[in-house]
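In what follows, a single structure is set out as structure tokens and then discussed.
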């Protein structure tokens with residue numbers, strides 16, 4: 001006969017049960033500590049930690065398995081290594097303030113080091129006032145020089161902000177360019193990220209005895225500032241193109257051409273990306289168009305290897321460019337990133353030049369239509385990833401050319417084949 005599971009006849013069993021209940025109703029100090037550790041909060045905390053640990057272990061194990069699996073697949077497939085080029089045109093390129101600008105300025109005029117020792121650094125109340133109430137400060141040249149000197153010595157951007165705040169309250173005809181230029185150089189050698197603040201002062205109206213030479217040097221510094229990567233990302237960058245237009249409008253056409261040719265020689269020594277930085281900010285206003293037009297012709301002739309443009313024959317220069325646009329295909333299909341960037345620089349510069357030459361009456365509907373037709377070219381390379389952005393740029397420029405043709409030459413009719421002999425390649 002089987003015994004009932006709960007039938008405890010032996011005395012020893014009863015004693016065990018009794019001992020068990022006695023221990024439960026009268027816990028020892030050790031058992032009390034154990035009970036405190038096993039309260040609901042601690043148990044939940046322990047369970048959470050265990051869950052997180054298991055999850056992390058599983059996640060890491062999964063990652064290791066995936067990595068092992070991908071490695072095995074690659075080994076079986078025997079993939080070749082492919083170097084993908086950046087698909088962007090004029091991608092981010094770190095460009096310092098061009099040393100050629102300084103050399104250009106100092107070959108035409110050597111400025112002696114100004115006597116900065118006689119200037120004291122500005123007191124706190126000056127820059128506080130400049131930030132809070134610039135209109136209440138009696139601003140003279142010494143105040144400007146001292147703020148810039150303090151900026152150079154302390155590298156504290158708050159003094160640069162002070163310059164910006166007092167800018168519209170600086171009286172006309174009070175600054176000496178030799179002082180500002182030497183302070184600019186001092187700041188350039190201290191921290192190039194801060195040079196935008198003295199460049200903000202590059203306005204001919206602020207200087208006394210402002211000669212043509214000084215204005216041209218301001219133009220060079222403004223061009224250098226626009227090219228400098230650290231400045232192009234500064235929120236105050238928008239002042240520079242305005243100052244450039246202001247300075248160029250003070251120069252005659254012949255002086256604008258000389259300045260443009262000097263800048264072109266500097267650009268030829270810089271990375272191609274520098275033209276991408278500059279071309280968007282070149283002025284097309286009639287007061288400064290001579291500068292932009294001359295610079296664009298110089299760079300296009302350089303990129304297309306056409307020699308030197310004829311300064312006395314802008315119409316002939318434009319004709320030569322139109323006739324040679326089709327050579328861009330050779331650059332695009334070379335597979336070399338430098339040539340692709342060069343093609344992009346040509347398109348960007350050509351677009352800017354086209355606007356100016358329409359206003360100068362150097363372009364007609366036939367030439368614009370021809371350029372648009374040529375830019376319909378197809379090109380392929382083994383690694384076509386880096387051509388995607390360039391094709392988009394070509395398409396955008398074609399649309400622009402077609403729009404300008406329709407807008408400015410509505411009544412002009414083309415009677416002969418506008419594509420001549422070269423296009424269609």
I'd like the full set of residues that are touching a helix residue (DSSP H, G or I) at 6+ places or on another chain (Cβ under 6 Å) and assigned to a loop (DSSP other than H, G, I, E, B), limited to the stretch 230-250. 234, 250
Extreme residue, nearest to residue 359 (Cα to Cα), among residues of the stretch 286-325 that are at pLDDT below 90 and touching a helix residue (DSSP H, G or I) at 6+ places or on another chain (Cβ under 8 Å): 286
Residue in the stretch 126-142 that is surrounded by the most Cβ atoms within 10 Å (Cβ to Cβ), counting only those that are within 32 Å of the chain's Cα centre (by Cα) and within 23 Å of residue 181 (Cα to Cα): 130
Would a scan of the stretch 244-266 turn up a residue that is within 26 Å of residue 142 (Cα to Cα), surrounded by 23 or more Cβ atoms within 10 Å (Cβ to Cβ) and assigned by TED's automatic domain parsing to the domain that holds residue 180? yes
Listed residues 282, 278; which is assigned to a loop (DSSP other than H, G, I, E, B), in contact with a helix residue (DSSP H, G or I) (Cβ under 9 Å, 6 or more places away or on another chain) and either surrounded by fewer than 19 Cβ atoms within 10 Å (Cβ to Cβ) or at pLDDT below 95 (or both)? 282
Would you tally the residues in the stretch 150-160 being surrounded by 17 or more Cβ atoms within 10 Å (Cβ to Cβ) and under 24 Å from the mean Cα position of the chain (by Cα)? 1
For the stretch 110-125: of the residues being surrounded by 14 or more Cβ atoms within 10 Å (Cβ to Cβ) and modelled with pLDDT under 85, which is nearest to residue 162 (Cα to Cα)? 119
Looking at 174, 147, 163, which is the one that is over 15 Å from residue 96 (Cα atoms) and surrounded by fewer than 16 Cβ atoms within 10 Å (Cβ to Cβ)? 174
Which residue, of 388, 399, 355, 413, is within 24 Å of residue 342 (Cα to Cα) and either in a loop (DSSP other than H, G, I, E, B) or modelled with pLDDT under 80 (or both)? 388
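The values are calculated or read from the model by the stated rules, or taken from the named source; none is laboratory data. Just so it is clear, the structure is predicted and the values come from calculations on it, not from any experiment. Neighbour counts run over all protein chains shown; Cβ positions are idealised from the backbone, glycine included.
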